[in-house]
Amino acid sequence: MVVQSAAMARHKSVLMTSPGGGIGQALFKHFIANDYQIIAVGGSQSKDFIENYGDGKDVSFIPCDYFDPNSMEQAIAKSKEKVSRIDAFIHLTGGSLFSKPAGEINISDFKKVVDLNLTSAFVLGQEVFNWMKNAGGGNMIFFGSTTGIVPSFKKLPYAVSKAGLHMLARVFALEGASYGIIANSIAPGYVLTDRHIQELNAKASKNETDYETELHKVVSKNLMNGTLLPEDLIPIVTLLIETQSITGAIIPVDLGQTTIQ
């Protein structure tokens, strides 16, 4: 008979931000189905989602305002009250918020996008980094974007913030290696979330086309002429939670989009 140690028997613990988002929901459901212990940090959308899907499971929800550093620091402090250590941190928070030509973006709009995408990753990531240093290590996963690798029209603040987030992950990898900390970033292409489906329908109405026409414009930008769904991110996240050999990487999951751009 094989006797498992307490450490071997313990379920993987994951701290994730924005579980109520398009990709977040897919990952959350996967973690629930595979008996992960989840610390979920987010706003009202995430709270509502977890109340529907996390009831009776090993899930703790902690409210957080991604534009308030104090709120983010308190969220990690409250997380430490729930668990002594986490195996993985997954930062999903972000968004482009608007589309404007580079010459028409005011400083307030620029800072808002940077704060949402990059400053939130820095504040939460730094808190988790220091926690992991003292707890024996762990794996950090940041969600960047292909726009942080290859720029898109009218997305200057988003491109800059996601490029910065990719480098943030690499620095955490560099400085965390001696503490057992693994850090990587994932750069998804266009993921067909509910929000993006709504946006495509809105474009179809504006352009007097149809949904399929607008979707084809997106699909034609990737090498495989395919559609990327939130569930398609699960395998790479699972790998990066487990890996002890991949660190400091920026991994495109984009059906070859960045290959042909």
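The values are calculated or read from the model by the stated rules, or taken from the named source; none is laboratory data. Keep in mind that what you see is a predicted model, and the values were worked out from it rather than measured. Cβ: placed from backbone, ideal geometry, glycine included. Neighbour counts: every protein chain shown. For accessibility, only protein heavy atoms count, side chains too; no ligands or nucleic acids. Shrake-Rupley method; radii C 1.70, N 1.55, O 1.52, S 1.80 Å.
Remarks
- As a fraction of the 1.4 Å probe accessible area of the range 175-261, surface on carbon and sulfur atoms comes out at 54 percent.
- When peptides 201-211, 13-23, 170-180, 27-37 are ranked by their average number of other Cβ atoms within 10 Å per residue, the highest-first order is 13-23, 27-37, 170-180, 201-211.
- For the range 1-114, lysine pairs separated by 8 or more sequence positions, or belonging to different chains, with Cα-Cα distances below 27 Å total 23.
- Only the Cβ atoms of Lys and Arg (+1) and of Asp and Glu (-1) were treated as charged; on that basis the dipole of the range 60-128 about its Cα centre amounts to roughly 120 debye.
- Ranked packing of 183-189, 151-157, 224-230, most packed first, by mean Cβ within 10 Å: 183-189, 151-157, 224-230
- Amide hydrogen proximity for Ser13: with H placed 1.01 Å from N in the peptide plane, the residues at 5 or more positions away or on another chain lying under 5 Å are Gln37, Asp87, Ala88.
- Taking only the C-alpha atoms of the range 205-250, Rg followed by Dmax gives 16.4, 50 Å.
- Within the range 54-115, the percentage of alpha carbon pairs spaced more than 20 angstrom apart rounds to 47%.
- Given +1 at the Cβ of Lys and Arg, -1 at the Cβ of Asp and Glu and no other charges, the dipole of the chain around its Cα centre is 480 debye to the nearest 20.
- Backbone HN-Hα couplings from phi across the range 33-47 [Karplus 6.51/-1.76/1.60, Hz, Gly and Pro as x]: 5, 10, 6, 6, 8, 10, 9, 10, 10, x, x, 5, 4, 5, 4
- Gain on full extension, evaluated as 0.36 nm per residue between Glu212 and Ser178 minus their Cα-Cα distance, stands at 7.3 nm.
- q = 0.16 Å⁻¹, the chain: log10 I(q)/I(0) [Debye, one scatterer per Cα]: -1.27
- Under 13 Å, Cβ to Cβ, from Asp109 - net charge with Lys/Arg +1 and Asp/Glu -1: +3
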